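Inspection log for the structure reproduced underneath, given as structure tokens.
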Amino acid sequence: FDPGSYSTLKLDLDEGILTLTVDRPEALNALSQQVVSELWKAFTAIQDSCTHDAGWPVRGVIVTGGGGKAFVAGADIREMASMGPDSAAEYARSMQGVTLLIEKLPVPVIAAVDGFALGGGCELALACDFIYASEAAQFGQPEVNLGLVPGFGGSVRLPQRVGLGPARELIYTARRIDAAEALRLGLANRVLPSRDELLAAARETLQEIAGKAPAAVGLAKQSIAGATGRPTNQGLEAEAEAFREAFTTDDMREGTAAFLEKRKAAFTGK
Ligand code: HXC
């Protein structure tokens, strides 16, 4: 992953858990075009490593923000101020591409939100499998304050996550909500008191998941992504396809045999 080749991201791989920190504290980690292209590069590298041949070196990803005050305060307003409609659409599409990459990644990704997750920051968090928040987290889609609309997936994923009514209210009012409200809405899965406890909780959950059959976890993720927003019959078709695929793995044979032999499964990732 050559952490040295990124100027706006910090990458730290520790026992199979990759912590990816968006690190532009001087702009509250705003998603400049440079950040977007580095996110693309990092998630592509993770995607490429997620095979049995590569040994599944990354079993989970934590996305967080550097500097302590913000997760990500949105798209880069300074850059957007001088964009025309076509370059703005291209900017939106490039970050939307990153969000799709995150959703297609066969390993779980947790957004660890400490501080502001606004606009594009909230949208980056929404592309992750789930969100853990610290008590200092603040979420919102403030685009209409700037004469903008969500552009990195918020109009699609916020209603999926919290339902149409609350999503409309958040987007039309540009209101900010705290961690407790995010938890109540189901935007955040958990709230932890401090940043350290937040990162520790995210790591603990990813390590728990890393004890399972990796291809099965990837297929479960693929199955949910394949069903989201689709009619029931198409969702069920995506599920049946993933179920079929699980039966092609050694780990499925091992997992079921271990149950019948009353022993712990030894998964190999094949
Ligand atoms: C560029 C940003 C920024 C952003 C903060 N900064 N947010 N720069 N883009 N999104 C910069 C500030 O200009 C300032 O730089 C420095 O970071 C610190 O920010 P302050 O405002 O001084 O901090 P504070 O007073 O604590 O206020 C924090 C804040 C506020 C409430 C988060 O910064 C804020 O409202 N930021 C914008 C949030 C927002 O509207 N995001 C949505 C963007 S639209 P200087 O140089 O002055 O120190 C979006 C669309 C997505 O995301 C889709 C696009 C296609």
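Taking amide H atoms as placed 1.01 Å from N in the peptide plane, the amide H of Leu9 lies under 5 Å from those of Asp23, each 5 or more residues away in sequence or on another chain. Comparing Ser82, Ser194, Ser94 in a Gaussian network model of the chain where C-alpha atoms under 10 Å apart are linked, the largest mean-square fluctuation is found at Ser82. Beta bridges assigned by DSSP with both partners in the chain are antiparallel in approximately 30 percent of cases. Distance between the pseudo-spin-label points of Asp250 and Arg190 (7 Å out from Cα toward the beta carbon): 3.2 nm. Of interest is the spacing of the C-alpha centroids, which for the stretch 128-157 and the stretch 27-64 amounts to 20 Å. Considering only protein heavy atoms and a 1.4 Å probe, what is the carbon-and-sulfur percentage of the accessible area of the chain? The value for the chain is 54 percent carbon and sulfur by accessible area.
Over the chain, all Cα pairs binned in 5 Å intervals from 0 give whole-percent P(r) values of 1, 6, 12, 17, 18, 17, 13, 8, 5, 2, 1, 0, 0, 0, listed from short to long. In the chain, a dipole from Cβ-located charges (positive for Lys and Arg, negative for Asp and Glu) runs towards its positive end, and of Gln141, Ala54, Ala27 it is Gln141 whose Cα lies farthest in that direction. Protection proxy ranking of 12-23, 131-142, 212-223, 28-39, by the mean of other Cβ atoms within 10 Å over each peptide's residues and highest first, is 131-142, 28-39, 212-223, 12-23.
Evaluated with a Cβ-only charge set (Lys, Arg +1; Asp, Glu -1), the chain carries a dipole of roughly 500 debye about its Cα centre, given to the nearest 20. Solvent exposure of Glu261, expressed as accessible area, is near 110 Å², computed with a probe of 1.4 Å over the protein chains only.
For the stretch 60-150, dividing the convex hull volume of the Cα atoms by the residue count gives 89 Å³ per residue.
Three semi-axes describe the equivalent ellipsoid of the stretch 164-270; taken as square roots of 5 times the Cα gyration tensor eigenvalues and ordered largest first, they are 34, 23, 9 Å.
Between Gly226, Gly119, Gly165, the GNM of the chain built on Cα springs shorter than 10 angstrom shows Gly165 fluctuating the most.
Close amide H contacts of Leu31 (hydrogens built in the peptide plane, cut-off under 5 Å, sequence separation of 5 or more or a different chain): Gly74, Ala75, Asp76. Our helix-only sum for the chain, with -39,500 (n - 2.57) per DSSP H run of n ≥ 4 divided by its residues, gives a mean residue ellipticity at 222 nm of -15000 deg cm²/dmol.
Derived scalar couplings between HN and Hα for the stretch 106-118 equal x, 10, x, 10, 10, 8, 9, 9, 10, x, 6, 10, 10 Hz in order, rounded to whole Hz, by the Karplus curve 6.51 cos²θ - 1.76 cosθ + 1.60 (θ = phi - 60°), x for Gly and Pro. Short to long, the 5 Å bins of the Cα pair-distance histogram for the stretch 1-160 hold 2, 10, 20, 24, 21, 14, 7, 3, 1, 0 percent of all pairs. Using the 1.4 Å probe convention, the accessible area of the chain works out to 49 Å² per residue with neighbouring protein chains retained. When the pairs Lys10/Lys264; Lys69/Lys221; Lys69/Lys212; Lys104/Lys264; Lys10/Lys104; Lys41/Lys221 are compared against a 25 Å limit on Cα-Cα distance, Lys10/Lys264; Lys69/Lys221; Lys69/Lys212; Lys104/Lys264 fall above it.
Each residue was assigned an accessible area with a 1.4 Å probe, and for Cys128 the value is about 0 Å².
The values are calculated or read from the model by the stated rules, or taken from the named source; none is laboratory data. This is a predicted model, so every value here is computed, not measured. Methodologically, a virtual Cβ is constructed for each residue, glycine included, from the backbone with ideal geometry; neighbour enumeration extends over all protein chains shown. We work out accessible area using only protein heavy atoms, side chains counted, and drop any ligands, DNA or RNA first. Shrake-Rupley method; radii C 1.70, N 1.55, O 1.52, S 1.80 Å.
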